[in-house]
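The values are calculated or read from the model by the stated rules, or taken from the named source; none is laboratory data. Bear in mind the structure is a predicted one, so any value in this text is a computation, not a measurement. Cβ placement follows ideal geometry from the backbone for every residue including glycine, while neighbour counts extend to all protein chains displayed. Accessible surface areas use protein heavy atoms only, side chains included; no ligands, DNA or RNA. Shrake-Rupley method; radii C 1.70, N 1.55, O 1.52, S 1.80 Å.
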Amino acid sequence: MTNLKTAFYVGAILAALTSPTSADLRLPSVFSNHMVLQRDMAAPVWGWAEPGAEVAVVFGDQTKTTTADDQGKWQVALDPLSVGEPRSLVVESKDDRLEVTDVLVGDVWICSGQSNMEWSISRSRNRELEVLGEGNPNIRLLTVTGEGVQTPADDFDGAWEECKPGSLRDFSAVGYYFGKRLEQATGVPIGLIDNAWGGSACEAWIPNEKLAGKELYQPLLDRWAKVVEENDEEALRAEFAKVHAGWKEKMEAAVAAGEPIPNWPRPSHQLLAQQRPANLYNARVAPLMPLAIRGTIWYQGESNAGRAEQYRDMFPLMIETWREAWGQGDFPFYWVQLADFKDEKADPGESDWAELREAQTMSLDRLPHSGQAVIIDVGEGKDIHPKDKQSVGDRLARHALANEYGFEIAHNSPTLESFEVKDGTIILTIGNCRALTTFDTGELRGFAIAGEDKKWVWADAKINDKNRRQIIVSSPDVPEPVAVRYAWADNPVCNVYSVSGLPLTPLRTDDWPGVTTGKR
C-alpha cells in the first residue's frame with residue numbers, strides 16, 4: 001500500500017469514527033457528566049449540530065449562542081467562571097437538548113507521558129489506603145483512550161468519573177497524588193485528565209509537520225516510512241476497530257450504570273501504537289483542544305533515553321507545539337526527571353539515562369513557566385516503575401502550589417549555578433537553595449572528577465563551611481582537574497539535598513560527547 005493510499009484510508013476511517021453520523025446535536029466526550037470546567041478564564045464549549053443550526057449554551061446565568069458552520073461544527077466561549085456548587089451545562093438546538101450534569105468549576109490539569117504517569121493507584125505503594133472510604137467529590141477523573149492516528153481526531157471515547165474507590169484504582173497514581181495535594185491545599189475542585197500511554201515516545205506526541213524537513217528527525221521519519229510500506233495498515237485498523245467497538249459497548253454500559261469504566265484494550269501493532277511519530281498528538285492531544293486548562297504535568301523520557309541528545313530539541317519542541325496549538329499562551333508545564341534505575345556501577349562512566357536527565361534539565365532554560373521534579377532518590381534499581389508515586393506527585397505539586405496558587409514553598413531542586421577551578425579543586429556554586437546538606441551520612445557521595453585525559457575517578461567532596469551553597473570537589477588522583485560530574489549514572493549513589501529536602505539535580509561541568517551523541 002502506498003503512503004498516499006494509507007493517508008487517504010486513515011483520514012476516511014478517522015472521519016467515520018469522530019464525525020457526527022447524523023445532524024443530531026452532539027458534544028465531545030470531554031463534556032460529560034461530572035466534568036470540571038476551568039475557572040478564571042474564558043471556557044470554550046464546542047460540538048456538532050445540523051449545518052446552519054442555531055445553538056444555545058447555558059451555564060449558570062450565562063447564555064451563549066452561535067450557528068453551526070457548513071460542516072456542522074460550532075463553538076462558544078463562556079465568560080470566566082467562579083468556583084461554586086455543582087451545576088448543569090445545557091446545550092440546545094431546534095428540538096435537541098443535551099444536559100451535562102454535576103459540573104464543577106475549578107482547575108483542570110492534564111497528566112501525560114508514558115507508563116510511569118499511567119501507572120495506576122492499584123499498582124502503587126499504599127494502594128490499599130488510597131481506596132478506603134467514599135472518595136473525594138471535589139476531584140474528578142477522565143481517561144483519554146484511542147489508538148494512534150496520523151490525522152487529527154476531534155473526539156475520543158471516554159467519560160468523566162467521580163473520584164471513588166472503583167474509578168480511582170486504575171487511574172494515574174502520579175496524577176491523583178498531584179491533584180489530591182492541590183485540592184487539600186486550596187479547596188478548589190480539581191479535574192484530572194489521564195492522557196498517558198506506557199512506552200510512548202516523545203515523537204508520538206508531536207505532529208508530523210513539526211518534525212518533517214529537519215535533519216535532526218529525518219532518519220527517524222525514514223525508519224517509520226519503511227514500516228508503513230511493509231504493512232497493510234488498512235487491514236490492521238479494520239481489525240482493531242472491532243476490538244474497540246466491543247470495548248465501547250462495555251464502556252457505555254458502565255457509564256450508564258454508574259460503574260467504573262473498564263480498561264481500554266491497546267492495539268499491538270506499532271503503526272497503531274504509541275511510538276509512531278504524531279500518533280498520540282493526533283489521537284490524544286488534538287481532541288482536547290481548545291479545552292480551557294490550568295496546566296500539564298508530564299512523566300516521560302525512558303523511551304527516548306537512547307537518543308538523549310536529540311531529546312534536547314524534541315522535548316521543548318513538543319511543549320512549544322502544544323502551547324501554540326492550544327492558543328492559551330504559555331500554560332504551566334511541569335515534568336518529572338527520570339528516576340534512578342538499573343544496576344549501580346562500581347566506577348564512574350557514561351550513561352544514556354544521565355544524558356536524558358540533562359536534556360530535561362536543559363529544557364528549563366528554553367521554556368518559560370516550566371518546572372522539573374527531580375526524583376533521583378525515588379527509583380528502584382530492579383524496576384523501571386518505582387512504586388512510590390506519592391513523592392513524585394508531591395514534588396510536582398510543589399511547583400504548582402508555588403507558581404499557580406501563591407504558596408511560599410520550596411519547589412525547585414538545587415541546580416548548578418557556576419563552577420571554578422582553583423588550586424587543584426573544582427568549586428561548584430549551587431543555585432535554588434539556601435544551603436546544602438546530606439542524607440543518611442555526612443559524607444557527600446556521587447561526585448566524579450576528571451582531568452584533560454577525560455578519565456573519571458570518584459572524588460572527595462565537602463560543603464564549604466563559609467558558603468553552604470558551595471561544594472569543593474577534588475581527588476589526589478587528579479591533581480589538575482578540569483571537570484566534575486554528580487549523579488551521572490543510570491542508578492547513581494548520591495545524597496546531596498537542599499535544606500528544604502529537595503535533591504540536588506544531577507549535573508556535569510563538561511560538554512564532552514556522550515553515548516547518545518549523533519544518535520537519531
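Provide a single number: the residues in the stretch 375-395 that are within 17 Å of residue 505 (Cα to Cα) and not in a helix (DSSP H, G or I).
Residues that pass the stated criteria total 5.
Filter the stretch 495-520 for residues that are open to solvent by less than 30 Å² (accessible area, probe 1.4 Å) and farther than 30 Å from residue 216 by Cα and give the result.
Residues satisfying the conditions are 495, 496, 498, 502, 503, 504.
Take the stretch 317-374 and flag every residue that is of a type in the set (S, T, N, Q) and outside any loop (DSSP other than H, G, I, E, B).
Selection gives 321, 360, 361, 363, 370, 372.
Suppose the filter is under 16 Å from residue 118 (Cα atoms) and of a type in the set (S, T, N, Q); does residue 274 pass it?
It is true that residue 274 is under 16 Å from residue 118 (Cα atoms) and of a type in the set (S, T, N, Q).
Pull up the stretch 31-53, narrow it to residues that are touching a Phe, Trp or Tyr at 6+ places or on another chain (Cβ under 8 Å) and in contact (Cβ under 8 Å) with a residue 60 or more places away in the chain, then point me to the one that is surrounded by the most Cβ atoms within 10 Å (Cβ to Cβ).
Selected residue: 36.
Show me the strands (runs of 3 or more DSSP E) found entirely inside the stretch 421-463 where at least 2 residues are touching a Phe, Trp or Tyr at 6+ places or on another chain (Cβ under 9 Å), at pLDDT 95 or above and among the β-branched types (Val, Ile, Thr).
The strands (runs of 3 or more DSSP E) meeting that bar are 425-431, 436-438.
Within the stretch 413-448, which residues are crowded, with 21+ Cβ neighbours inside 10 Å and under 34 Å from the mean Cα position of the chain (by Cα)?
Matches in the stretch 413-448: 413, 414, 428, 430, 433, 436, 444, 446, 447, 448.
Can you pull out every residue in the stretch 362-379 that is open to solvent by 40 Å² or more (accessible area, probe 1.4 Å) and either among the charged types (D, E, K, R) or under 22 Å from residue 486 (Cα atoms) (or both)?
Once the filter is applied, which keeps residues that are open to solvent by 40 Å² or more (accessible area, probe 1.4 Å) and either among the charged types (D, E, K, R) or under 22 Å from residue 486 (Cα atoms) (or both), the stretch 362-379 yields 362, 364, 365, 366, 377.
Which members of the stretch 396-419 meet the condition of being in a loop (DSSP other than H, G, I, E, B) and in contact with a Ser or Thr (Cβ under 6 Å, 6 or more places away or on another chain)?
405, 410, 413, 414, listed by residue number.
Taking the condition closer than 25 Å to residue 334 by Cα, assigned to a strand (DSSP E or B) and acidic (Asp, Glu), does residue 102 pass?
no
Which numbered condition trips up residue 252, out of (1) assigned to a helix (DSSP H, G or I); (2) touching a residue at least 60 places away in the same chain (Cβ under 8 Å)?
It is condition (2) that residue 252 fails.
Looking only at the stretch 170-184, count every residue that is touching a Leu at 6+ places or on another chain (Cβ under 6 Å) and either small (Gly, Ala, Ser) or at pLDDT below 95 (or both) and tell me the total.
2
For residues that are part of a loop (DSSP other than H, G, I, E, B) and polar (S, T, N, Q), scanning just the stretch 473-495, find the one that is farthest from residue 339 (Cα to Cα).
475
Is one or more of the residues making up the stretch 22-43 modelled with pLDDT under 50 and not aliphatic (A, V, I, L, M)?
yes
Quick one: would you say residue 116 is modelled with pLDDT of 95 or more, open to solvent by 10 Å² or more (accessible area, probe 1.4 Å), over 18 Å from residue 261 (Cβ atoms) and not in a loop (DSSP other than H, G, I, E, B)?
In short, no.
For the stretch 54-97, give me every one of the strands (runs of 3 or more DSSP E) that falls completely inside it and has 2 or more residues that are surrounded by 13 or more Cβ atoms within 10 Å (Cβ to Cβ) and over 32 Å from the mean Cα position of the chain (by Cα).
Ranges flagged: 54-59, 62-67, 87-93.
Could you pull out every one of the helices (runs of 4 or more DSSP H) wholly within the stretch 128-230 that has 1 or more residues that are within 19 Å of residue 284 (Cα to Cα) and open to solvent by less than 10 Å² (accessible area, probe 1.4 Å)?
Helices (runs of 4 or more DSSP H) meeting the threshold: 173-186, 208-211.
So which residues in the stretch 283-302 are open to solvent by 10 Å² or more (accessible area, probe 1.4 Å) and either over 26 Å from residue 398 (Cβ atoms) or assigned to a loop (DSSP other than H, G, I, E, B) (or both)?
286, 289, 290, 294
Across the stretch 93-122, what is the number of residues that are closer than 20 Å to residue 145 by Cα and not acidic (Asp, Glu)?
Final tally of qualifying residues: 14.
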